[in-house]
Amino acid sequence: MTANSLQPAAEKLIVFDTTLRDGEQSPGFSMNHAEKLRMARALADLGVDVLEAGFPAASPGDFEATREIARRIEGPIIAGLARCHRPDIERAWQALREADRRRLHVFLATSEIHRTHKLGMARAEIVRRTVEGVAMARELCDDVEFSPEDASRTEPDFLIEVVEAAIEAGATTINIPDTVGYAMPDEFGAIFRRLREHVRGAERVVFSAHCHDDLGLAVANSLAAVRNGARQVECTINGIGERAGNASLEEIVMATRTRQDHYGVQTQIQTTRLGLLSRLLTSISGIEVQPNKAIVGRNAFAHEAGIHQHGMLQNAETYEIMRPQDVGMQATRLVLGKHSGRHAFQERAKSLGLELSAEQLGPAFAAFKELADRKKEVHDDDIEALILGRCTRSEGPWTIQALNASAGTATIPSATVRLQHEDGRVIQEAAVGDGPIDATFKALARAINFEGELTDFQVRSVTDGEDAQGSVHVSIEHGGRRRNGRGVSTDIVEASAFAILDVIHQIEMQSERKPMLVVE
């Protein structure tokens, strides 16, 4: 059965995206305020049903980002996480209350190992806290989800008791987390079957699965839950998340779509946007998806073996169970050049899923023309990198007027930069370093009187060929916090300078932001 063989009688599967909450907890995937908002808009356009925006009580930044998403993002239900603890719940509600549709997601660990070593609570206390937390959340919000943390390692009889108590207290969704990725698919499916058969009031709630990938089984466990009655899955773009990650949204969506005959469910996800979301997350984080990643990996639709190529030429379905176009992975590339006009550029961007506003089009087209003067051919990947690079890069007062870096076996690496501030000031500085990138970083830091340490540097080619663009991702430690920056150019040193300046602008923007009033 192909990806297009949808059956109208299929039940709805709710897609709960936690990229901005659980996913962002993954090392290296931390996002600033603007990046979270951009991802939230893209997730809403993708068609997720529930968007978990953050853990508002975790930090002032998480509270502010969740509140901004609740205010500005329309379409999905906006959820906020809270422990079964009054200050957490009130804080989450303050962040969510302006959303058109909102959900309070409360949790409490239930497994014996968590009760003993983390919480120091007996079973009765866990049940009491669950009831109090759910009831408190229900007083504020009609839509309340409860998660018994580490449910897959919780004693079956006690899990039934806690879930019954949560339903009686007013929970509308019961989420069963495989918090440490311990369960096997048959075991995890059996948990859902047992709960649906033995929990009083089970018919009044939606059962949900939240799986981690410590044993590489997050997607398999999520699908086993669906086979046994779960009608919500919690997942992330590219499968990012704590430790080995969460269940991959794109894999679950395409598995249930491609094999609807097996699962009998369908989602409202706009699958042609999956590739774009994957690449947007990569652009923001600088962390690449492995080439053989299912659905969105670079090699997901690549065929090298001769027998495979022969079969593909005869009929693509011999070796492809879905079309690359169905998931937003372009099978062909349209080449633009320096003679291409604004309309052609805008239309090509639109076909790649990149809508440009009137304000964005002018600068983006100017950057495209500048790139076209450097390259013989501008491919889809170039256009995407150019636009995503501009959209994810922090705007600030400084622009690079000139940059010169030199290095060689018989010379000391050095760099000279000339920067212009929006107030008209022009500053020029030079520095030497361990290499041209290090020298450029030091020259920029000296010019702006910036103190920080370059801790990570990654570069990849956007397209093939000698004139390919390079995408540079840097991590810089400043004030005890790591920040990520990105730059794109056909010149790697220039791309590095853009990435470094991106971080500097982020820090300046943060320092100018007024402290948030903390509501107790």
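The values are calculated or read from the model by the stated rules, or taken from the named source; none is laboratory data. Everything numeric here is computed off the predicted structure, so don't read it as measured data. Cβ coordinates were reconstructed from backbone atoms using ideal geometry, including for glycine residues, and neighbour counts include every protein chain displayed.
Points worth noting:
- Applying a threshold of 8 Å to beta carbon distances and a minimum spacing of six or more residues, or different chains, the list of pairs starting in the range 204-216 at a residue that is farther than 12 Å from residue 181 by Cβ and ending at one that is among the acidic types (Asp, Glu) and at pLDDT 95 or above reads 208/145; 208/234; 209/178; 209/234.
- Residue count for the range 40-74, restricted to those that are part of a helix (DSSP H, G or I) and either hydrophobic (A, V, I, L, M, F, W, C) or surrounded by 24 or more Cβ atoms within 10 Å (Cβ to Cβ) (or both): 13
- Meets criteria (of a type in the set (Val, Ile, Thr), modelled with pLDDT under 95 and either surrounded by 20 or more Cβ atoms within 10 Å (Cβ to Cβ) or not assigned by TED's automatic domain parsing to the domain that holds residue 499 (or both)) for residue 284: yes
- Hits in the range 157-201 (condition: small (Gly, Ala, Ser), out of contact with any Lys or Arg (no Cβ under 7 Å at 6 or more places or on another chain), closer than 21 Å to residue 222 by Cα and part of a helix (DSSP H, G or I)): 190
- Residues satisfying the stated conditions in the range 118-165, i.e. at negative phi and small (Gly, Ala, Ser): 122, 124, 133, 135, 137, 147, 151, 152, 165
- Of all residues making up the range 114-153, the number that are touching a strand residue (DSSP E or B) at 6+ places or on another chain (Cβ under 6 Å) and not in a helix (DSSP H, G or I): 8
- Residue in the range 25-36 that is closer than 21 Å to residue 93 by Cβ, basic (Lys, Arg) and at pLDDT 95 or above present: no
- If you filter the range 231-248 down to residues that are over 11 Å from the mean Cα position of the chain (by Cα) and outside any strand (DSSP E or B), you find that the one that is surrounded by the most Cβ atoms within 10 Å (Cβ to Cβ) is 247.
- Close pairs from the range 253-274: first within 14 Å of residue 48 (Cβ to Cβ), partner modelled with pLDDT of 95 or more and of a type in the set (Asp, Glu), Cβ under 6 Å, at least 6 apart: 274/250
- Scanning the range 17-39 for residues that are in a helix (DSSP H, G or I) and surrounded by 22 or more Cβ atoms within 10 Å (Cβ to Cβ) turns up 23, 24, 35, 36, 39.
- Scanning the range 380-406 for residues that are at pLDDT 75 or above and not in a helix (DSSP H, G or I) yields 396, 397, 398, 399, 400, 401, 402, 403, 404, 405, 406.
- Here is the figure for the range 118-139: residues that are under 34 Å from the mean Cα position of the chain (by Cα) and touching a residue at least 24 places away in the same chain (Cβ under 8 Å) total 12.
- Residues that are closer than 13 Å to residue 82 by Cα and either loosely packed, with under 14 Cβ neighbours inside 10 Å or small (Gly, Ala, Ser) (or both) within the range 101-122 comprise just one, 109.
- So residue 160, is it modelled with pLDDT of 95 or more, in the same structural domain as residue 79 (by TED's automatic domain parsing) and surrounded by fewer than 22 Cβ atoms within 10 Å (Cβ to Cβ): yes
- Which numbered condition residue 297 misses (of (1) outside any loop (DSSP other than H, G, I, E, B); (2) surrounded by fewer than 21 Cβ atoms within 10 Å (Cβ to Cβ); (3) among the small types (Gly, Ala, Ser)): (1)
- Which listed residue, of 73, 69, is in contact (Cβ under 8 Å) with a residue 24 or more places away in the chain, of a type in the set (A, V, I, L, M), in contact with a Lys or Arg (Cβ under 9 Å, 6 or more places away or on another chain) and more than 25 Å from residue 327 (Cβ to Cβ): 69
- Within the range 123-153, being charged (D, E, K, R) and either closer than 13 Å to residue 112 by Cα or surrounded by fewer than 24 Cβ atoms within 10 Å (Cβ to Cβ) (or both) holds for 123, 125, 128, 129, 132, 138, 139, 142, 143, 149, 150, 153.
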